[in-house]
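Engineer: Structure provided below as structure tokens; questions to follow.
The values are calculated or read from the model by the stated rules, or taken from the named source; none is laboratory data. Note that the structure is predicted; figures quoted are calculated from it, not measured. Note: ideal-geometry Cβ built from the backbone for every residue, glycine included; neighbour counts use all protein chains shown.
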Amino acid sequence: MSDNEKLMMTFDPRTIEHLGVKMYSTLPPAIAELIANGYDACAKNVTVKLSDNPKKIEVIDNGTGMTFEEINTNFLRIGRNRRVEEQAPPCKRLPTGKKGLGKLALFGIGKVVEIITKKDGKEINFLMDWDNIMNAEGDYEPAFKINDCSIDDIGTTIIVHELKRKTNFNRDDMAHSISKLFNFNDANFEINIILNNGKPLVVDRDLKFKNIDKQFEWKFPKLFELTEAEYKNKDLINGVMFTSEKPLQPGLRGITLYANGRMVNLPEFFGRTESSHFFSYLSGYLDVDFIDTWEEDVISTDRQSLDWENVNLQEMQIFLQEFLKALEKDWREKRSEVKRAKTREVIGIDTVDWFNKTSENTRKYLSVIVDAVLDESELSTAKQTEVVDAVHALVPEYPEYHWRHLHNSIKRVSKEDYEKADYLRAAKEAAVEYENIVKRISGITDKMGVDLMRRSFGSDCSAKPINITECTTDTQKNIEDGQQNMSVGVVAGFRNPTSHEPKTDLYPHVFNDNDCLDILSIVSYLLTKLDQRKKPPIS
């Protein structure tokens, strides 16, 4: 072996194709790399200019710019960790990039890249040509110009020519796409997009959620109190999660993770099964800056995903799964209350009160049905209330008893006692009300009790003030006598004893609950017969 022999690593220009063109074949991620460069260069403003004629993209920042030496050692060097090699920038920002591959993104969208950078009174202009790079044998040497400029004139402009895109740009769509890739919380940094020299559109951290109609919102880290699950870095996680009133489009669902203002993981639910329709309503973001400070790099080169096989990330993933489980429970409770409030407003039914007035067994099945309508279904509010109203008609309050079958006049006077399960008093109030109604209809004011009932009803219809039937057949006359006898029986056998004797002497050994409920039914029957007479029904 001779002394001048040495080991040497070489790379094929095709490496650039795989790292740049293949990885950044769409505009937003490629433009995002240039915006990130401006942020890392302490720019306060980055402006993205989209031009349809001629077709080009300009990204202009007012950052520190680059000297000739910095272009050589930093910009034109592929694969370098600026966090290790450079001191902190004067603006004290933690650099968002650290692999040194971002500039290759430009060749994913265009063939010629023009760079104009100003610093220390010098303006340097150079071109990078894709075809020349691919045909280079050894080092690539772009052509350049150097001109003098004001010492105060700083910043970098990057122009991408010969774009692969042929269709016209859409400013709003581009802004929305770029907003998903950033989550800067820096009042001294602004991104603008301009289309064909038109009005600039500010791209802020809220733009990505602009078209979502939020219903409930949770802010972190405080809301991690929803779960007892622990994670050593949970107090370092910040962000917002929210749900919409209606299911979101698939592209808007999921929780995006950001580190130091840049997306590091596409929207997802961290391994939680998405079979629950809860995930059709959930969106938001979490800032997990701490993962970008780990010695081990867990962020993919294209910043689309994290290395979830990493032990530290697995711990975070398990914690987030547990939190989403607790969040879903909280969401269901909040949503149920909103739906119940709407139900109360539209049809006047308080579902909680309704359920409480049914037996435990009935309540179990009733809640399954109503909760499914209010919480699980995608029915409109109007349709939901219509269905709940129908269920309520079938299974009203106290369905095990006979409340729903009672005459409205009885419900009016006995409701309070009935709800307190004081059925003796409820039946007594019903009997008294029946007597008052008979007195009013008959017009007899000088008789009460048994005498009133005998004078008001009977088969000698022409002599009685109240006729239940037409009183022409034997059957109809029997019904008239029955109304009289049953009315007398209610008064003599129940109304009089309960009016003249202490309750303790009657309840429950003389009249128990079932007896009282039967009296309510009898009085209800008698009132219904009064409604059937050839006069307006009882109000």
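Engineer: Would you check if there is a residue in segment 333-351 being over 23 Å from the mean Cα position of the chain (by Cα), at positive phi and surrounded by fewer than 12 Cβ atoms within 10 Å (Cβ to Cβ)? Full working, then the answer.
Structural biologist: Initial filter on segment 333-351 (over 23 Å from the mean Cα position of the chain (by Cα)): 347-350.
Add one more test, that the residue is at positive phi, and what stays is 348.
Right, trim to surrounded by fewer than 12 Cβ atoms within 10 Å (Cβ to Cβ) and you get 348.
Checked against the condition, which is being over 23 Å from the mean Cα position of the chain (by Cα), at positive phi and surrounded by fewer than 12 Cβ atoms within 10 Å (Cβ to Cβ), segment 333-351 yields at least one hit.
Engineer: Additional query: Would you confirm whether or not segment 44-58 contains a residue that is within 23 Å of ALA143 (Cβ to Cβ), at pLDDT 90 or above, part of a strand (DSSP E or B) and of a type in the set (Val, Ile, Thr)?
Structural biologist: yes
Engineer: I need the full set of residues from segment 250-266 which are in a strand (DSSP E or B) and touching a Leu at 6+ places or on another chain (Cβ under 8 Å), in order please.
Structural biologist: Initially, segment 250-266 is screened for residues in a strand (DSSP E or B), giving 254-259, 262-266.
Answer for segment 250-266, where residues must be in a strand (DSSP E or B) and touching a Leu at 6+ places or on another chain (Cβ under 8 Å): GLY254, ILE255, THR256, LEU257, TYR258, ARG262, MET263, VAL264, ASN265.
Engineer: Still on this model: Residue check, GLY239 against (1) part of a helix (DSSP H, G or I); (2) out of contact with any Lys or Arg (no Cβ under 7 Å at 6 or more places or on another chain); (3) crowded, with 18+ Cβ neighbours inside 10 Å, all met but one. Which one?
Structural biologist: GLY239 satisfies all of (1) part of a helix (DSSP H, G or I); (2) out of contact with any Lys or Arg (no Cβ under 7 Å at 6 or more places or on another chain); (3) crowded, with 18+ Cβ neighbours inside 10 Å except (1).
Engineer: Hey, among GLY198, GLY261, which residue is surrounded by 17 or more Cβ atoms within 10 Å (Cβ to Cβ), farther than 30 Å from GLU337 by Cβ and not hydrophobic (A, V, I, L, M, F, W, C)? So that I can check it myself, show each step before the final result.
Structural biologist: Values: GLY198 fails: surrounded by 17 or more Cβ atoms within 10 Å (Cβ to Cβ).
Step by step, each of GLY198, GLY261 is checked, and only GLY261 is surrounded by 17 or more Cβ atoms within 10 Å (Cβ to Cβ), farther than 30 Å from GLU337 by Cβ and not hydrophobic (A, V, I, L, M, F, W, C).
Engineer: Just wondering, is there one or more residues in segment 3-24 that are hydrophobic (A, V, I, L, M, F, W, C) and modelled with pLDDT of 65 or more? Give the steps one after another, and end with the answer.
Structural biologist: Here is the first cut: in segment 3-24, the ones hydrophobic (A, V, I, L, M, F, W, C) are 7-9, 11, 16, 19, 21, 23.
Now narrow it down to the ones that are modelled with pLDDT of 65 or more: none.
Checked against the condition, which is being hydrophobic (A, V, I, L, M, F, W, C) and modelled with pLDDT of 65 or more, segment 3-24 yields no hits at all.
Engineer: Could you identify the single residue in ASP505, ASP451, ASP518, ASP513 that is at pLDDT below 95 and loosely packed, with under 14 Cβ neighbours inside 10 Å?
Structural biologist: On the way: ASP451 fails: at pLDDT below 95; ASP518 fails: loosely packed, with under 14 Cβ neighbours inside 10 Å; ASP513 fails: loosely packed, with under 14 Cβ neighbours inside 10 Å.
Exactly one of ASP505, ASP451, ASP518, ASP513 is at pLDDT below 95 and loosely packed, with under 14 Cβ neighbours inside 10 Å, namely ASP505.
Engineer: In the set GLU225, GLU123, GLU162, GLU217, which member is part of a strand (DSSP E or B), of a type in the set (D, E, K, R) and within 24 Å of ILE255 (Cα to Cα)? Write out each step before concluding.
Structural biologist: On the way: GLU225 fails: part of a strand (DSSP E or B); GLU123 fails: within 24 Å of ILE255 (Cα to Cα); GLU162 fails: within 24 Å of ILE255 (Cα to Cα).
Unique residue meeting the criteria: GLU217.
Engineer: Wholly within segment 426-539, which helices (runs of 4 or more DSSP H) include no fewer than the required count, namely at least 1 residues that are of a type outside the set (A, V, I, L, M, F, W, C), touching a Phe, Trp or Tyr at 6+ places or on another chain (Cβ under 7 Å) and under 21 Å from VAL413 (Cβ atoms)? Reasoning before the result, please.
Structural biologist: Values: elements: 449-456, 474-490, 496-500, 503-506, 513-531.
Once the helices (runs of 4 or more DSSP H) in segment 426-539 are filtered for at least 1 residues that are of a type outside the set (A, V, I, L, M, F, W, C), touching a Phe, Trp or Tyr at 6+ places or on another chain (Cβ under 7 Å) and under 21 Å from VAL413 (Cβ atoms), what remains is 474-490, 513-531.
Here is a yes/no grid of residues against (1) closer than 30 Å to VAL370 by Cβ; (2) in the same structural domain as ILE31 (by TED's automatic domain parsing); (3) of a type in the set (A, V, I, L, M); (4) modelled with pLDDT of 95 or more:
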residue: LEU236; (1), (2), (3), (4): no, no, yes, no
residue: SER244; (1), (2), (3), (4): yes, no, no, no
residue: LEU266; (1), (2), (3), (4): no, no, yes, no
residue: ILE299; (1), (2), (3), (4): no, no, yes, no
residue: ASP307; (1), (2), (3), (4): no, no, no, no
residue: ARG332; (1), (2), (3), (4): yes, no, no, no
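Engineer: Consider GLU217 carefully, then state whether it is outside the structural domain of LYS49 (by TED's automatic domain parsing) and either of a type in the set (D, E, K, R) or at pLDDT 90 or above (or both). Steps first, answer last, please.
Structural biologist: Values: outside the structural domain of LYS49 (by TED's automatic domain parsing): yes; either of a type in the set (D, E, K, R) or at pLDDT 90 or above (or both): yes.
When the stated conditions are applied, GLU217 passes them.
Engineer: Quick one: would you say GLU228 is within 32 Å of the chain's Cα centre (by Cα) and more than 25 Å from SER51 (Cα to Cα)? Let's see the steps before the verdict.
Structural biologist: Numbers: within 32 Å of the chain's Cα centre (by Cα): yes; more than 25 Å from SER51 (Cα to Cα): yes.
For GLU228, the condition - within 32 Å of the chain's Cα centre (by Cα) and more than 25 Å from SER51 (Cα to Cα) - is met.
Engineer: Which numbered condition trips up ASP213, out of (1) surrounded by 12 or more Cβ atoms within 10 Å (Cβ to Cβ); (2) closer than 30 Å to VAL338 by Cβ; (3) touching a Ser or Thr at 6+ places or on another chain (Cβ under 8 Å)?
Structural biologist: All conditions are met except number (1).
Engineer: Scan GLU315, GLU322 and give me the residue that is assigned to a helix (DSSP H, G or I), in contact (Cβ under 8 Å) with a residue 40 or more places away in the chain, surrounded by 15 or more Cβ atoms within 10 Å (Cβ to Cβ) and among the charged types (D, E, K, R).
Structural biologist: The unique qualifying residue is GLU322.
Engineer: Can you name the residue in segment 59-80 that is part of a loop (DSSP other than H, G, I, E, B) and aliphatic (A, V, I, L, M) and is also nearest to the chain's Cα centre (by Cα) among such residues?
Structural biologist: Just the residues of segment 59-80 that are part of a loop (DSSP other than H, G, I, E, B), to begin with: 62-67, 76-80.
Still in the list and also aliphatic (A, V, I, L, M): 66, 76, 78.
Details: MET66: 46, LEU76: 46, ILE78: 43 Å.
Top of the filtered list is ILE78.
Engineer: Being exposed (fewer than 15 other Cβ atoms within 10 Å of the Cβ) and either modelled with pLDDT of 90 or more or on the phi > 0 side of the Ramachandran plot (or both) narrows it down to one residue among ASN147, ASN125; which is it? It would help to see each step written out before you state the result.
Structural biologist: Numbers: ASN125 fails: exposed (fewer than 15 other Cβ atoms within 10 Å of the Cβ).
Going through ASN147, ASN125 in turn, the sole match is ASN147.
Engineer: Quick check, is ALA372 closer than 29 Å to SER524 by Cα, of a type in the set (A, V, I, L, M), assigned to a helix (DSSP H, G or I) and without any contact (Cβ under 8 Å) to a residue 24 or more places away in the chain? Walk me through it before giving the result.
Structural biologist: Details: closer than 29 Å to SER524 by Cα: no; of a type in the set (A, V, I, L, M): yes; assigned to a helix (DSSP H, G or I): yes; without any contact (Cβ under 8 Å) to a residue 24 or more places away in the chain: yes.
Answer is no for this residue.
Engineer: Give me the pairs, please: first residue somewhere in segment 464-483 and more than 20 Å from LYS447 (Cβ to Cβ) and free of Cβ contacts under 8 Å to residues at least 60 places away in the same chain, second residue anywhere and of a type in the set (Lys, Arg) and crowded, with 16+ Cβ neighbours inside 10 Å, beta-carbon distance under 7 Å, and either six or more positions apart or on two chains.
Structural biologist: The qualifying pairs are CYS471/LYS477.
Engineer: Among residues belonging to segment 71-96 that are surrounded by fewer than 12 Cβ atoms within 10 Å (Cβ to Cβ) and at pLDDT 65 or above, point out the one that is nearest to GLY261 (Cα to Cα).
Structural biologist: Initially, segment 71-96 is screened for residues surrounded by fewer than 12 Cβ atoms within 10 Å (Cβ to Cβ), giving 72, 79, 84, 87-88, 90, 92.
Retained after the next criterion (residues that are at pLDDT 65 or above): 72, 90, 92.
On the way: ASN72: 27, PRO90: 18, LYS92: 14 Å.
Here the answer is LYS92.
Engineer: Taking segment 451-486, which residues are closer than 26 Å to HIS405 by Cα and aliphatic (A, V, I, L, M)?
Structural biologist: Those that are closer than 26 Å to HIS405 by Cα and aliphatic (A, V, I, L, M): MET453, ILE466, ILE468, ILE479, MET486.
Engineer: Mind checking which pairs have a first residue in segment 221-250 that is under 15 Å from PHE319 (Cα atoms) and a second that is at pLDDT below 90 and of a type in the set (Ser, Thr, Tyr), Cβ under 7 Å, 6 or more apart or different chains?
Structural biologist: Taking only residues 6 or more apart or on different chains, not a single pair turns up.
Engineer: Same structure again: What's the total number of residues in segment 139-193 that are small (Gly, Ala, Ser) and in contact with a strand residue (DSSP E or B) (Cβ under 8 Å, 6 or more places away or on another chain)? Walk me through how you get there before you give the answer.
Structural biologist: The initial filter retains those residues of segment 139-193 that are small (Gly, Ala, Ser), namely 143, 150, 155, 175, 177, 179, 187.
From the residues that got through so far, the ones that are in contact with a strand residue (DSSP E or B) (Cβ under 8 Å, 6 or more places away or on another chain) too are 143, 155, 175, 179.
Residues flagged as small (Gly, Ala, Ser) and in contact with a strand residue (DSSP E or B) (Cβ under 8 Å, 6 or more places away or on another chain) within segment 139-193 amount to 4.
Engineer: Residue by residue through segment 418-456, note down the ones that are of a type in the set (Ser, Thr, Tyr) and under 24 Å from LEU506 (Cα atoms).
Structural biologist: Of segment 418-456, the ones of a type in the set (Ser, Thr, Tyr) are 418, 423, 434, 442, 445, 456.
Result: TYR418, TYR423, TYR434.
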